[in-house]
Structures are given as structure tokens and as C-alpha cells.
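I have placed the structure first, in the form of C-alpha cells, so that the comments after it can refer back to it.
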Amino acid sequence: MTLPPAAWHAVEAFIVLNVLLGLVAYVTLLERKFAARMQSRIGPYYVGRPHGWLQPVADALKLMLKEDIVPASSDRAVYNLAPLVFLVPCLLIFATIPFAPALGVADLNIGVLFFLAVSSLEIVGLFMGGWGSNNKYALLSAMRAVNQIISYDLPFIFAALVPVVLAGSMQMSAIVAAQKGLWFVAYPVIGQLAFIAFVIATLAAENRVPFDILEAESELVAGFRVEYSGMKFALIQLGEYAHMLGTSFLGALLFLGGWLGPGPAALGPLWLLLKALVIFLLVTWVRWSFVRIRVDQILAISWKLLMPATLVLLLAAGFVVATRGAGGG
Amino acid sequence: MADNGAHGFWRETGQLVGAVGRAMSVTLRNLFRKPVTIHYPDVQRPYPDRFRGILALAYEKDTGEEACIGCRLCEYVCPPQVIKVEMLKGEKRNYAKTFTLELYACEFCELCVQVCPTDAIIMMKSFDLATADRRELLLDKDRLHALGLQFEPSWATGNRLRDMQAPPKPARGEARGEGKAEAKGEAKEPAE
Amino acid sequence: MTATQTQQVVEIGYGGNERLMMNMGPQHPSSHGVFRMILTLEGETVVAVDAVIGYLHRCHEKLGESLTYVQYPSIASKTDYVAAMTAELAYVSAVEKIAKIEVPKRAQYLRVIVAELQRIASHCLWLGTWCLDMGGALGGGATVFLYCIREREMVLDRFEELTGARLLYGFHQTGGTRYDIPAGWDKKVRETVDFIEHRLDEYEAMLETNTFFRVRTQGVGVISREVAETVGVSGPLIRGSGVGYDVRRAEPYSSYGDFDFVVPVETAGDCYARYRVRMVEFRQSIRIIRQALDGLPEGPISSRPGVKSVAQVRVPKGEGYTRIEGARGEIGCYLVSDGGPKPYRLKWRGASFSNLAVLPYIVPGHKVADVVAIMGSVDPVFGEVDR
């Protein structure tokens, strides 16, 4: 192709975005079927028998055709902008994820930093949604969310930094390349603990049970998104699942060896997808097995347990690298 | 979160890990069990004999005539008063001139079946009468007779229920004597 | 906040912070029915709670005056609709007490079997909805809920084979019961009860040692013994607070004296204690059912002829009160008869009505998330509360 690089990147981004949207839609179906089987029932079934293949399409159509109800006393600008401000960072994180050694929108040499920084921006959109709705339930939920996500971002960052330290680079393709011999999750003690901390921090950053106090359907109905309907709600849901998938991809890249796997190199993206889905299903499995815990208990876990633990892990990883000498595999 | 300092911390962490593992293993076990879903309406589950479904009027077995004699006992016993009957006097026996039953308000308590002396009103083993128009659930006599032929009747009829509740006394010289013995024979299910 | 003379709202004085009044309104996923709580919050802590009931008032007591003794048992099941058998039992027991009607032994045993099966079904629903409230409709709570409902469906299938109905039965009549057991029913009940006993082990494994569950329920909603006795709660609430009061032991009715069972008592008074009490009650109900099935005597199921007309039961002048142990507590039925086919006055003592009165004493001081856990462990059914 003789396109100038900028146009080529734009085309790549467009393709990635579209594939991503389709993937996110079908990941919701996967979650519903998996959860249903764990509960002795069948998930979506009728729309596209026998496995509900068309259910995401039906849901998307339904949400697009729904009436957009805006509360009369809401803060219009904040309320209308919130879904966008929430969605954009959740989609932007996919810009730095490489799907194969040379395939990806932008394989930045500060890739991990960009990912972690941008993914934290969703909290702004979340709080805007809670505030702009002019609803006490939404506000309560938004305040809990700010508490929780900020508290868990630190252990999340520290846990994600352990592979960075072990690999010696923040560029995602370099981290994957450093796992050629041994996946970081198989690294003795440090790898497993860092992976577990990463999964727990992901659960909390995604507002998934047992940390979903911010939506807590049985108390606050739908949390900060209670006043949203129709396409705005769809955008928020899209953002949440995209973020979930994004952190699954990150986990697969950082801990599970990315695109490394048996077979030809062209199968790389497939391996990456499968590993990301494994993390996603692990998170789903945890989600559907536990009751939630209270917000003060959530914060206690973060500050009293996860923070010191991930700090210690990071220091230990640094120590290991320092004693290994320069370079290192 | 820790009692006894470091030792308590490790013990609690161990307990937490054990609890997490146990809960997740229960869900994993259920992942591989067969779902309990019955694919209604493609598949109907088997309804038990005594199922209380839609109400219907029956015909007499021997003569083929309408069984209802218009005595209005069901109308009086119905708690939400959904039955309305008008009697038509005849020479040998009475009939029901009109019989309306408002199925949308019916409680399905089976009291009308219980009191009917001629086993005329019965319940069916089906409940499949959902409509979009409530007027279709205002059942008149013809509709009730048609429903009686459309679905499978439940086991419970007036005589059977009354016989189950109090065994018939030996000295009972009514015309229903043979009918009652026959009903009692049917009521005695095997291995009861 | 509306302040009426009959309402006592216990407020804890926190200093300084702004107070937010939030309505956990009649339409709410976890209010267990139509129930309104006006919470006064300081941050996340509930400072006062004002409970508003009456959204499900259906004039049961007036209906009792317009329906005869033959018609009303089918309606009585709609007070405590989750545990319908025990509600009907309260009414017919009151009628039998005033009219001094004997109930044959077989009918008494059948009533016991059915009441204990109903207790199992009701506790299945309690556990499922409580975990659903605590765990979220899209989360682990829903998993436990669906497991419990799966087991409850089996019990309801047994009821369907017995009476034809799954939720509101009309099984009891004055003088006995209306249906006898069909062929093979006792074998199926034994299988059901064995199956549920195994599944109970699974639930306990999933919940009891689970740190998340313990942290949500231990120390939450403590009803002290004094408060329990003063306010007049009953059932698992009072047994979780150290008082071993069970109507089946205190005033045995319907041959409960023939059976050997343990009345569980816990002293902690928190949600976890009430959970433990109900889990033990599960197993004790299973034990009673097995004993009753083993000892089921032959004989008639009613001491009166089969119901043939609406005014068949006439009760002499008098009045009487019976109490029975429902799944939620002590259900009482007070009847005044003037000699006709209909009662002169019917009064229900709903177990949940008295149990809900404890909320202003135990909720303030907890977080909003605990309100949900407390409501679930109190386990109200609003048919009983509002009648």
C-alpha cells in the first residue's frame, strides 16, 4: 500500500475499533452463557437458535430504538457528555495493545504507562454521569466509585509494573518478547502473586462482584447509570465491557505470554485472544460465585492488604532483576 | 484484619483462600451439570394428575347430556364470585340456562369443583389460555363445554374429592349410591 | 420526616455532617415486597429509619367477615403467600378451637408434613433472596438464588402432586385436610428431602466459611435479647438472640409433641446467627418429615363430611386465638364467632408485622449496604404485614 503512514494508522485504528466493537458485543454473550451454565440454566437461546448467536445484535438494535429519556432536572451538558467521556478512554486503551509483533495501532515504548493512565480516565466520565443525573442513588454510587477506583488503581499499577520490571521495558512487544522462555505468571512466587493481585485489582477497577458496591443492583439499582436509557446506556455498557476486555488483553500480554504459543507466528493474535478470554472467564467465574462486600471493607482490603502486598512484590521484582545482573532473560 | 499480628494474618489469608476455592469449586461443579431448564413451550412438562388448570363444563358419561343441573352451589361457594348461573327447569331434571365464569378473576381454588353434586364443573390439566384481550377469558357455557373437550381433564371431580375427605358411610340409600361406589373405586388409586 | 405519635424513630446523634434523606421506596429490588423505608443518611451511615407499610393492604380481616368458614382457608393462604400452608393452618386451627372440632390423627400428621415441607420451601426462598440482595442480581447472589429456587421447585412439585397448585393451596379445611396423598407421594417426598439435604451441604460450603459472607453478616443487625423480648419478635429472630421460644414446643399443636426435633438457639443476635438458626431449621424440618412419614397413621383425613355447600360449617358462639409457628415467626389468628356461617371478627397476628417493628432499633448505625443484609435476615413477607 502506498498510503502515507498517518493514513495507514488511521485505517488500522478504524479496523481495530470495528473489530473491537464486534468482539465486545460477543463477549457479553459469552459471559451470559458461561454464567448461565454455572447456574444450571441455559443463557440466551431463542434469538439465533440454538445458542443465541444473534442476541448481541438484538440487544444492540433494541437499545438503538429505545426512547432516550432525559430527566427534566438533570444537568444537561454534564449528563449528555458523561457517556462519551466514559467511553473514549475505554476504547483508547486498545490503541497501545499489539496483537502481533508488528500488528497494532501504536506500539508505544511507554505502552503500559499509556494504558494505565488512560484507563484511569474513565472515572471522570463515571462521576459526571452520577452528578449530572441529579439523583441521590446515582450520586451515592458515583461517590463510592471514586473511592473504590482510585483506591484500587494503585495496586493495579504496581501489579502491572512487576512484569515491566522483570522485562526491563514498558513497551508491550518487548515484554512479550521477554516471556519467550518463561511466562511471567510462571515466574516463581513473584509471578503468581503479581497475577493474583492483578486479577483482584482488575475486579475492583471494573466494578465487578465482589467489588461492585457502586452498582449494587439490589441497593442502588444501577448505580451511576440509573438515569440513562437507550443509546447512552449502550455506550456506557460498551465502555465497561471494552475496559474489561482491555484489561484482560493487558493481563494476557503482561503475564500469559501474549501471542507466544505453539504453531506458526500467524496464529499469534489467536493465542492472544484466547488468553485474554481465559482471564475474562476467570473474572466472570469469580463474579458469579461471591456475594459483594461493603465499601468500607473494600477500601480496607485495598489500603491494608493489596497496597503493601503489591509494593513488596514490586520491590522483590526489582531485587531479583538487580541480582540477575544487566540484561537477563 | 489481623489478630495476633503476623500469625493471624497468614491464618486469615489461608482461610480466605480456602473459602474462595470452595465457593468457586461449587460453581465450577454446576458448570458441568445439566441445566434444569424445560424448553417451554416447545416442551411441556408432565403435569400431575391433580393439576388445577382451566375450568370447564363436562357432559354426563352415560347419556351425553350436559351434566350441569343449574343448582348454583358453585356460584355460592366461589370466594371471588366469578361464576353466574341461571337455572332452566325441565321435567326430568334441571339445566343451566346460562353459565358464565370470569376466568381472569378466578383464584383456581377448586372449591366449585369440590361442591358440584354432578361432577359437572371440572378443571383441566392445562393453563394455556393466555390472550391479549381480557374479554376472551369471560367464558360462557358453550366455551366452557368446548374447553372440556379440548384439554385433558384433571383427576379431581366433586364426588372424588368429597369421597377422599370423608369415607362414605355404609347406610346411604341415595340414587347416587352406584355412582359413589364407582367413584370410590376410581378414587382408590393403586398402592394407596 | 413525618412524625406521628405512634412512630418512634431512634436516632443516633452524629455530629456535624450534612444529612441526606433517601427513600428505599416501595419499588425496590430488595425491599422484599412493597415496603418503603425513609433512610436518613450521613455519608454512608444510616442515622434513622422510618418504615412505611400498607402498600399491600388487601382487607383480609374484612374479607374474613364476608366469607364463610368453608371459603376462607383458600384466601388465608394469601396472607403469608410464601409459606401458605402455615397461614391456612392458623385459620382452621382457630375455627376448630372455638367449635371444639376434633381433627383425626392422619390429618394432623399430614398437616405436619405439609407445614414442614413448606418451611423448607420458604427457607429456600429466604436464602436465595437474601444472597441475591447481598450479591447482586448480576453476580454471585444470583447463583445462590438460582440454586435455592431449583430446590424449592422440587418441593413445589410435591405440593402440585398433592393439591394441584404450586403456591396457594387451599389444602386445609375445618376438621382436617382436603386432599389425601396420592400413590407414591411419600416415596417422592423422601427422595426430595434427601436431595435437599445434600444440596444444603453445598450451600453451607459456599457460604459459611466464605470470608466475604461472614464479613457482611457477622456483627450486623444485632438484636439484643432485651430488644427482642420487648419488641415482640418471634421465630428465627428471637431464637437468634438467645431465647429458645418455638410455638411447636411451647404449645404443641397438631401432634407436634409426637416428634423429636431440636429447636436451634443462637446467642449472637446478628444476621449470621439468624442464618445459622434457619439452616438448622432446614435439617430439623427434614427430620420431622421423615418421622411423620414413617408414622403416618391410616384413617380419615377429615372429621367432617366432604364440603358440599358454602355454609356447611357453623361455629357456635365464642372466640378463640391460636398460634402456630410459621416460617417467619408466630402466626396468630383470633376469631370471634356469633353462631353463623361467617365469623363476626377475624384478626391476624402477622409474624412479619411484629418482626419489622425491630428495624428502628437495629438499623441506625449501619451502612446502607447493611440495611439490605438486615432486611433479608428479618425475612418479611408483606402479605402478613399489611394483610
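The values are calculated or read from the model by the stated rules, or taken from the named source; none is laboratory data. Because the structure is predicted, anything quoted here is derived from the model rather than measured. Ideal geometry is used to build each Cβ from the backbone, glycine not excepted, and the neighbour counts take in all protein chains shown.
C:Arg290 passes all but one of (1) farther than 27 Å from C:Ser93 by Cα; (2) out of contact with any Gly (no Cβ under 8 Å at 6 or more places or on another chain); (3) modelled with pLDDT of 90 or more; which number fails?
Exception for C:Arg290: condition (1).
Could you pull out every one of the strands (runs of 3 or more DSSP E) wholly within region C:281-387 that has 3 or more residues that are over 17 Å from C:Gln118 (Cβ atoms) and within 14 Å of chain B (Cβ to nearest Cβ)?
Passing ranges: none, list empty.
Run down A:Val78, A:Val118, A:Val57 and say which single residue is among the hydrophobic types (A, V, I, L, M, F, W, C) and under 25 Å from A:Arg32 (Cβ atoms).
Every option except A:Val57 fails the conditions.
In region C:123-137, which residues are farther than 16 Å from C:Arg199 by Cβ and in contact (Cβ under 8 Å) with a residue 12 or more places away in the chain?
Listed by number, the residues that qualify are C:Thr129, C:Trp130, C:Leu132, C:Asp133, C:Met134, C:Ala137.
With respect to A:Tyr26, determine if the residue is within 14 Å of another protein chain (Cβ to nearest Cβ) and without any contact (Cβ under 8 Å) to a residue 40 or more places away in the chain.
no
Sort out which residues of region C:197-256 are within 21 Å of the chain's Cα centre (by Cα) and aliphatic (A, V, I, L, M), and write them in order of number.
If the condition is that a residue be within 21 Å of the chain's Cα centre (by Cα) and aliphatic (A, V, I, L, M), then C:Leu200, C:Val222, C:Ile223, C:Val227, C:Ala228, C:Val231, C:Val233, C:Leu237, C:Ile238, C:Val243, C:Val247, C:Ala250 are the ones that fit.
Among (1) closer than 30 Å to C:Thr45 by Cα; (2) buried (at least 21 other Cβ atoms within 10 Å of the Cβ); (3) within 10 Å of chain B (Cβ to nearest Cβ); (4) in contact (Cβ under 8 Å) with a residue 12 or more places away in the chain, where does C:Phe212 come up short?
So the condition that C:Phe212 fails would be (4).
Among the residues of region C:215-247, how many are in a helix (DSSP H, G or I), within 14 Å of another protein chain (Cβ to nearest Cβ) and surrounded by fewer than 24 Cβ atoms within 10 Å (Cβ to Cβ)?
Looking only at that region, the number is 1.
Pick out, from region B:29-148, the strands (runs of 3 or more DSSP E) lying fully within it that include 1 or more residues that are more than 11 Å from chain C (Cβ to nearest Cβ) and in contact with a Ser or Thr (Cβ under 7 Å, 6 or more places away or on another chain).
Qualifying strands (runs of 3 or more DSSP E): B:83-88, B:121-123.
Just one of C:Pro26, C:Pro73 is more than 19 Å from C:Val358 (Cβ to Cβ), surrounded by 22 or more Cβ atoms within 10 Å (Cβ to Cβ), within 14 Å of another protein chain (Cβ to nearest Cβ) and modelled with pLDDT of 75 or more; which is it?
Of C:Pro26, C:Pro73, the one residue that is more than 19 Å from C:Val358 (Cβ to Cβ), surrounded by 22 or more Cβ atoms within 10 Å (Cβ to Cβ), within 14 Å of another protein chain (Cβ to nearest Cβ) and modelled with pLDDT of 75 or more is C:Pro73.
Whether any residue in region A:169-176 is part of a helix (DSSP H, G or I) and closer than 24 Å to A:Ser302 by Cβ is what I want to check.
Within region A:169-176, not a single residue is part of a helix (DSSP H, G or I) and closer than 24 Å to A:Ser302 by Cβ.
Go over the candidates A:Ser74, A:Ser40 one by one and state the one that is in contact (Cβ under 8 Å) with a residue 60 or more places away in the chain and in a loop (DSSP other than H, G, I, E, B).
Being in contact (Cβ under 8 Å) with a residue 60 or more places away in the chain and in a loop (DSSP other than H, G, I, E, B) holds for just one of A:Ser74, A:Ser40, which is A:Ser74.
I need the full set of residues from region B:133-148 which are loosely packed, with under 12 Cβ neighbours inside 10 Å and closer than 16 Å to B:Ala67 by Cβ, in order please.
Correct list: B:Asp142 only.
With the requirement that a residue be part of a loop (DSSP other than H, G, I, E, B) and charged (D, E, K, R), what does region C:54-81 give you?
C:Arg58, C:Lys78, C:Asp80
What are the pairs with Cβ atoms under 6 angstrom where one residue, in region B:150-176, is under 13 Å from B:Ile121 (Cβ atoms) and the other, located anywhere, is modelled with pLDDT of 85 or more and among the β-branched types (Val, Ile, Thr)? Sequence gap at least six, or different chains.
Every condition considered, the pairs that remain are B:Pro153/B:Ile122; B:Ala156/B:Val113; B:Thr157/B:Ile122; B:Gly158/B:Val113.
Among the listed residues C:Asp201, C:Asp186, which satisfies the condition of being closer than 29 Å to A:Ser289 by Cα, more than 9 Å from every other protein chain (Cβ to nearest Cβ) and of a type outside the set (Lys, Arg)?
Going through C:Asp201, C:Asp186 in turn, just one is closer than 29 Å to A:Ser289 by Cα, more than 9 Å from every other protein chain (Cβ to nearest Cβ) and of a type outside the set (Lys, Arg): C:Asp201.
Answer yes or no as to whether A:Gly181 is surrounded by fewer than 18 Cβ atoms within 10 Å (Cβ to Cβ), touching a residue at least 40 places away in the same chain (Cβ under 8 Å) and not basic (Lys, Arg).
The answer is yes for A:Gly181.
Answer yes if at least one residue in region C:127-137 is farther than 27 Å from C:Asp258 by Cβ, modelled with pLDDT under 85 and assigned to a loop (DSSP other than H, G, I, E, B), and no otherwise.
Yes, region C:127-137 contains a residue that is farther than 27 Å from C:Asp258 by Cβ, modelled with pLDDT under 85 and assigned to a loop (DSSP other than H, G, I, E, B).
Tally the residues that are at pLDDT below 75 and either assigned to a loop (DSSP other than H, G, I, E, B) or more than 9 Å from chain C (Cβ to nearest Cβ) (or both), restricting the search to region B:1-28.
Residues flagged as at pLDDT below 75 and either assigned to a loop (DSSP other than H, G, I, E, B) or more than 9 Å from chain C (Cβ to nearest Cβ) (or both) within region B:1-28 amount to 11.
Consider only pairs whose beta carbons are under 7 Å apart and that are at least six residues apart or on different chains; among these, list those whose first residue lies in region A:295-315 and is more than 14 Å from chain C (Cβ to nearest Cβ) and in a helix (DSSP H, G or I) and whose second residue is surrounded by fewer than 20 Cβ atoms within 10 Å (Cβ to Cβ) and at pLDDT 85 or above.
From region A:295-315, the pairs are A:Met307/A:Leu154; A:Leu313/A:Leu193.
Among the numbered criteria (1) among the small types (Gly, Ala, Ser); (2) free of Cβ contacts under 8 Å to residues at least 60 places away in the same chain; (3) surrounded by 14 or more Cβ atoms within 10 Å (Cβ to Cβ), which single criterion is violated by A:Ala10?
With (1) among the small types (Gly, Ala, Ser); (2) free of Cβ contacts under 8 Å to residues at least 60 places away in the same chain; (3) surrounded by 14 or more Cβ atoms within 10 Å (Cβ to Cβ) applied to A:Ala10, the lone miss is (3).
Conditions: (1) farther than 30 Å from B:Arg11 by Cα; (2) in a loop (DSSP other than H, G, I, E, B); (3) among the acidic types (Asp, Glu). C:Glu266 meets all but one. Number of the miss?
Among (1) farther than 30 Å from B:Arg11 by Cα; (2) in a loop (DSSP other than H, G, I, E, B); (3) among the acidic types (Asp, Glu), C:Glu266 violates only (1).
Is there a residue in region C:235-245 that is in contact (Cβ under 8 Å) with a residue 60 or more places away in the chain and of a type in the set (S, T, N, Q)?
Checked against the condition, which is being in contact (Cβ under 8 Å) with a residue 60 or more places away in the chain and of a type in the set (S, T, N, Q), region C:235-245 yields no hits at all.
If I ask for residues that are closer than 23 Å to C:Pro104 by Cβ and either modelled with pLDDT of 90 or more or not hydrophobic (A, V, I, L, M, F, W, C) (or both), which ones from region B:114-168 would you list?
Matches in region B:114-168: B:Gln114, B:Val115, B:Gly158, B:Asn159, B:Arg160, B:Arg162, B:Asp163, B:Gln165, B:Pro167, B:Pro168.
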